[in-house]
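Heads up: the structure comes next, in structure tokens.
The values are calculated or read from the model by the stated rules, or taken from the named source; none is laboratory data. All values derive from a computational prediction rather than experimental measurement. Backbone-built Cβ (ideal geometry, glycine too); neighbour counts: all protein chains shown. Calculation scope for accessible area: heavy atoms of the full protein, side chains included, ligands and nucleic acids excluded. Shrake-Rupley method; radii C 1.70, N 1.55, O 1.52, S 1.80 Å.
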Amino acid sequence: MKNRHQQTCNSSVVLLAFLLGGLGTTMNVATAAEAATAAGVIPMGDVLVIHSLGRAGRSPVHTDTLEARLVTGSWVRPVAGDTVPAPDGSSRKWEHAVADKNGVLAEGAARGAAYVYWPVVSAVRQVMLLEAAGDNLVYVNGEIRVGDPYAAGYVQLPVLLQPGTNDFLFQASRGELRAKLVPAAGPVVIAPGDRTLPDLVTGETEPVWCGVVLLNATTNFAQVSLRALANHSPEHIVTIPPLGARKAPFLFNVPRGLAAGAVPVSVRATLRGAPRTTPAEASIELRVRRPDQTCKRTFISAIDDSVQYYAVNPMPEPPSPSSHSALFLSLHGASVEAIGQADAYSPKRWGPIVCPTNRRPYGFDWEEWGRWDALEVLGLAEARYHPDPTRIYLTGHSMGGHGTWNIGALFPDLFAAIGPSAGWISFTTYVSTNSPQATNAIVQMLRRASSASETLLMATNFLQEGVYILHGGADDNVPVTEARHMSRVLAGFHHDFQYHEQPGVGHWWDISDEPGADCVDWPPMFDFFAHHVIPTDASLRRVQFVTVNPAVSARAHWVTVLAQEHSLEPSVVDLHCDPLKRRVGGTTTNVARLWLELPSMAPGAPVLLDLDGQRIENIPWPTNHFAPRTGQRAERRISSSAARALSSAPAPGLLLVRQTNQWRLAESVPVTDKNPLRSGPFREAFRNHVLFVYGTRGTPEENAWALRKARFDAETFWYRGNGSITLMADRDYLKNQAGIAGQPDRHGGAQVPNVILYGNADSNAAWPSLLAASPVQVQRGHVRIGSGELSGSDLACLFLRPNPHDNHALVGVVSGSGLEGLRLTERIPYFLSGAGFPDCLVMSVDALTKGMAGVRVAGFFGVDWQVAGGDFAWQEHP
């Protein structure tokens, strides 16, 4: 950040006095700094506040005129009375405000603030811990760091203070803002909050995973040994970036003979390579539960190798292998923990209630990473409890009700029935998303990118499930109009749904004296569930199915959509199978490749295909055992219901490819093409043991940006998704490309991870290895997409590609055509649910002042991952 007073004020103390004078105070700067240092804690005090400077929503594009100055390098330290223009042509003024003695800027002063600037003076170069809450993010001497918008209170960040004045620029969130700097207890700190811990269950002795946050209070990468000091628990090695925070996993060997109560566990973190450094130690406590009590169970996620948990409300008595018990997957609402969701139910004698986390109490609205978490937990629960695979049910409340609608629509053959309670349909129906109307091709591409969020596009999929809609008639949180609207939609085609609106009750309600909260534990809904089972594939003569993205959901019973003609537009199939006439026929829309199994037909005589008006007779009984990977996901642990299409020897079927509006039979399709296992859009890259690879081959400024941006993304995913992502330099990735999965802080086995690459062809040494054949090339000064080219140093570019060294892995690219373009990527909100990101997106810095007019390119690659066969929209420079 530039300081416009540098040429006239060489003394940082004089400078700070000048700044504080501009803030309207006469405090003695040197005395105040000495007092703060002596006290060991520096609370936020005199600040400057400026209000609305743009607009944001659930969109890839937002406006912010102060961010535009940060991106272009023209930002200067403010003085009270300075003005900044807003995108609407008006201007805003920096105003003086004062936090209280605890560093709290009251809600009255902070509400509506766009930014809060806090100058901090330090006599020496030192690392301290920033504790802040109520901010979306903060720039510390120009380095972007994660904020705590939900005021969770667990965010501590190591920050480096330089001698003299240090700039803390908070982007405000809502409500009050509080901030202070506290000393770091050592080079490695075990943070006191945000621990992911399991419950121990009497009679169980298998080791359990735990997660704690480690802080690296040094300016170098730190390798840290973490272990529980009990029962010969193993050591775990974790790498933390400079001044970074990371949720670190470790195993605890459970002792035998547990009794009810709690087990204290001491945890030690040791900085490797620094034998004289005192280890950090902390004490945690693990609850001990009986087998019939609700409990938390932890696991290592295949998304990012982090520790996650799910909660269980178990059956009163363990099921026997022949009991054919059910399983209920229940999704919690915003701000609710999974264990709280489990505690809201009375035990069910006919099946356990399993509650995933959505990765956080707010998390991702059960979309993207929230959806993946739900499916991952479903697979774990099926493996542990062995339910009847035809008796799986989905329910949830509020945000979890939305998750029930959306996941139930995406995966209709995974659940016998669904029960959304107080659920909103989609962002479009529930809130004003500030998403622009589809007035041009660019906006249409961005809207297509979020089509998996649009439940109503897939409403006919509910034909495959029973539906019980529950809502309070006086709900002041999620309007009852959401439930009424879905009831009207279903009434147009569905004959197996029930709607119950409880008069006079609000969002969360319990009107009976029975155990469990009625708004989730509603007896008539569970009675409805009891009368529904998932039909076998062989019993279904007709399948109607809609998918908007085979990478999300590809399969419904014996039909799998392998590829689309136009990415993320609805693909519709309506197919009939007549086993007596040995005929399969029907219609499709926007389907390029199709896999049809024939479970109801006996092997033998030829088959007749009548598809989209095209007739193919005398097809020999298929022996093709092509195994498509469905959108239900080919991870190490997936739903066993979803695994039907992933077996090594699936049922024989017909592989169909559409070319020039004609269907033909095929024996195989190229594994390098888009398919349900590997496709877009952009955010699909942030999974599969994802690894962040930052560039080191650029200029010092480009290299510094790459590491800081990768660290910021890892911090953001920790905060929003309870994540734990490994950062690696490009040169280190290239040295051990084949053995990445064997790194000490990864658990992916031999699986090749997805890579997020930070930098461009000039600055990231891994670019030639991973992206040499990419039709998108980003270098200093220009971006090339197929045969088109854009020029300038302020272009930000996001895109994804298949990893050329593996048939399953993806490469996501966060790039720019110069330092301005790279900085422009810093706040593109790709971890925000509801914001759609296509396969490729290019925008210029004009987007921060002119909105959608600054988006230059948006589009989707074709089935072959090329530009020519895809859908791309271009926009001239504004």
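Taking only pairs six or more apart or across chains, which ones have beta-carbon atoms under 7 Å, a first residue in region 455-473 that is touching a residue at least 12 places away in the same chain (Cβ under 8 Å), and a second residue that is β-branched (Val, Ile, Thr) and not in a loop (DSSP other than H, G, I, E, B)?
456/489; 457/546; 458/546; 459/489; 460/546; 461/546; 465/418; 467/418
Cβ contacts < 9 Å: first residue part of a loop (DSSP other than H, G, I, E, B) and open to solvent by 40 Å² or more (accessible area, probe 1.4 Å), restricted to region 524-551; second residue modelled with pLDDT of 95 or more and basic (Lys, Arg), any location; separation 6+ or different chain. Result?
533/391
Could you tell me which of the residues 258, 243 is closer than 30 Å to residue 126 by Cα, in a loop (DSSP other than H, G, I, E, B), in contact (Cβ under 8 Å) with a residue 12 or more places away in the chain and hydrophobic (A, V, I, L, M, F, W, C)?
243
What number of residues within region 461-479 are closer than 23 Å to residue 532 by Cβ and surrounded by fewer than 20 Cβ atoms within 10 Å (Cβ to Cβ)?
The total comes to 1.
Yes or no: residue 482 in contact with a strand residue (DSSP E or B) (Cβ under 9 Å, 6 or more places away or on another chain) and either open to solvent by 40 Å² or more (accessible area, probe 1.4 Å) or not in a loop (DSSP other than H, G, I, E, B) (or both)?
yes
Within region 238-285, which residues are of a type in the set (A, V, I, L, M, F, W, C) and farther than 19 Å from residue 214 by Cβ?
254, 258, 259, 260, 262, 263, listed by residue number.
Which of the residues belonging to region 844-878 are open to solvent by 10 Å² or more (accessible area, probe 1.4 Å) and among the aliphatic types (A, V, I, L, M)?
845, 852, 853, 863, 867, 868
Write out, first by first residue and then by second, each pair whose Cβ atoms fall under 8 Å of each other, whose residues are 6+ apart or on separate chains, and whose first residue, in region 844-867, is over 18 Å from residue 89 (Cβ atoms) and among the hydroxyl-bearing types (Ser, Thr, Tyr) while the second is part of a loop (DSSP other than H, G, I, E, B) and open to solvent by less than 30 Å² (accessible area, probe 1.4 Å).
844/792; 844/794
Look through 494, 507 and report the one residue that is open to solvent by less than 70 Å² (accessible area, probe 1.4 Å), without any contact (Cβ under 8 Å) to a residue 40 or more places away in the chain and within 20 Å of residue 423 (Cα to Cα).
494
Of the conditions (1) part of a loop (DSSP other than H, G, I, E, B); (2) among the charged types (D, E, K, R); (3) open to solvent by less than 10 Å² (accessible area, probe 1.4 Å), residue 376 fails just one. Which one is it?
Result: residue 376 passes all but (1).
Go through (1) in a loop (DSSP other than H, G, I, E, B); (2) more than 16 Å from residue 383 (Cα to Cα) one by one and return the number of the condition residue 282 breaks.
Checking residue 282 against (1) in a loop (DSSP other than H, G, I, E, B); (2) more than 16 Å from residue 383 (Cα to Cα), the one that fails is (1).
Here are some residues: 306, 325. Which one is surrounded by 23 or more Cβ atoms within 10 Å (Cβ to Cβ), among the polar types (S, T, N, Q) and touching a residue at least 60 places away in the same chain (Cβ under 8 Å)?
Result: 306 is the single residue among 306, 325 that is surrounded by 23 or more Cβ atoms within 10 Å (Cβ to Cβ), among the polar types (S, T, N, Q) and touching a residue at least 60 places away in the same chain (Cβ under 8 Å).
Residue 486 - would you say it is farther than 30 Å from residue 857 by Cα and more than 27 Å from the chain's Cα centre (by Cα)?
no
Is it true that some residue in region 733-754 is among the basic types (Lys, Arg), surrounded by fewer than 17 Cβ atoms within 10 Å (Cβ to Cβ) and modelled with pLDDT of 95 or more?
No; the residues of region 733-754 include none that is among the basic types (Lys, Arg), surrounded by fewer than 17 Cβ atoms within 10 Å (Cβ to Cβ) and modelled with pLDDT of 95 or more.
Just the residues that are out of contact with any helix residue (DSSP H, G or I) (no Cβ under 7 Å at 6 or more places or on another chain) and either open to solvent by 30 Å² or more (accessible area, probe 1.4 Å) or over 20 Å from residue 705 (Cα atoms) (or both), please, taken from region 761-780.
762, 768, 770, 771, 772, 773, 774, 775, 776, 779, 780
State all residues of region 205-222 that are over 26 Å from the mean Cα position of the chain (by Cα) and open to solvent by 50 Å² or more (accessible area, probe 1.4 Å); if no residue qualifies, say none.
205, 206, 207, 219, 220 - these are the residues of region 205-222 that are over 26 Å from the mean Cα position of the chain (by Cα) and open to solvent by 50 Å² or more (accessible area, probe 1.4 Å).
Scanning region 261-274 for residues that are without any contact (Cβ under 8 Å) to a residue 60 or more places away in the chain and under 20 Å from residue 298 (Cβ atoms), which turns out least open to solvent (accessible area, probe 1.4 Å)?
Selected residue: 265.
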